[in-house]
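Down below is the structure, laid out as structure tokens.
Throughout, read-outs are computed from the coordinates displayed, never taken from laboratory work. Since this is a predicted model, take the numbers as computed values, not measurements. Here Cβ is always computed from backbone atoms with ideal geometry, including for glycine, and neighbour counts include all displayed protein chains.
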Amino acid sequence: MHSVQDGQADRREAPAGDIMDHIAAFFDARIAALTGAGIKRNRLVLDPGMGFFLGAAPETSLSVLARFDELRLRFDLPVLLSVSRKSFLRALTGRGPGDVGAATLAAELAAAAGGADFIRTHEPRPLRDGLAVLAALKETARIR
């Protein structure tokens, strides 16, 4: 998983420049190291990190959420997103960790609509229901 942080006590800002360039460089190095160690490329899943792992500004996580498909296109690997209860959602809504369920679901559905291969969640039932609605909407649009 990509992270600009070294640990819980060390909260850094995201590096200057385009965050996606920074994340891509991180994965370039990690993929090379892993495949060099004998791990097959088809066993890898990319996790760009979200919230605290990207820095304090919620805009950084929003940018990654909106653009994560660039990673799949560049690396031809599946992408996992973990937006459930993340700090950027609390910063955007002003709510505490236990009160960002609606914001979490909105971010998870945005990830699904954007083509995320895997979504890690704390609340599988609402996500499953939301995905059912998204699938029905896509099917309805396809039929029209």
Looking at region 65-75, which of the residues that are touching a helix residue (DSSP H, G or I) at 6+ places or on another chain (Cβ under 9 Å) and loosely packed, with under 15 Cβ neighbours inside 10 Å is nearest to Ser87 (Cα to Cα)? Ala66
Pairing a residue in region 38-57 that is over 21 Å from Ala91 (Cβ atoms) with any residue that is surrounded by 11 or more Cβ atoms within 10 Å (Cβ to Cβ) and of a type in the set (D, E, K, R), where Cβ atoms lie under 8 Å and the two sit 6 or more apart in sequence or on different chains, gives Val45/Asp117; Leu46/Arg72
Just give me the residues in region 116-144 being more than 16 Å from Ser61 (Cα to Cα) and touching a strand residue (DSSP E or B) at 6+ places or on another chain (Cβ under 8 Å), in sequence order. Asp117, Phe118, Leu127
Please go through region 49-64 and pick out each residue that is part of a helix (DSSP H, G or I) and surrounded by fewer than 20 Cβ atoms within 10 Å (Cβ to Cβ). Phe52, Pro58, Glu59, Leu62, Ser63
Lone qualifier among Ala14, Ala116, Ala33 - being among the hydrophobic types (A, V, I, L, M, F, W, C) and within 30 Å of Ala135 (Cα to Cα): Ala116
Six or more apart or on different chains, Cβ under 9 Å: which pairs go from a residue in region 69-86 that's touching a residue at least 12 places away in the same chain (Cβ under 8 Å) to one that's among the β-branched types (Val, Ile, Thr) and assigned to a strand (DSSP E or B)? Could you list them? Asp69/Val79; Leu71/Val79; Arg72/Val79; Leu80/Ile119; Leu81/Ile119; Ser82/Ile119; Val83/Ile119; Ser84/Ile119
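A quick yes/no check of all residues on (1) touching a helix residue (DSSP H, G or I) at 6+ places or on another chain (Cβ under 7 Å); (2) among the hydrophobic types (A, V, I, L, M, F, W, C):
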| position | (1), (2) |
| --- | --- |
| Arg90 | yes, no |
| Thr93 | yes, no |
| Val100 | yes, yes |
| Thr104 | yes, no |
| Ala111 | yes, yes |
| Ala116 | no, yes |
| Arg125 | no, no |
| Asp129 | no, no |
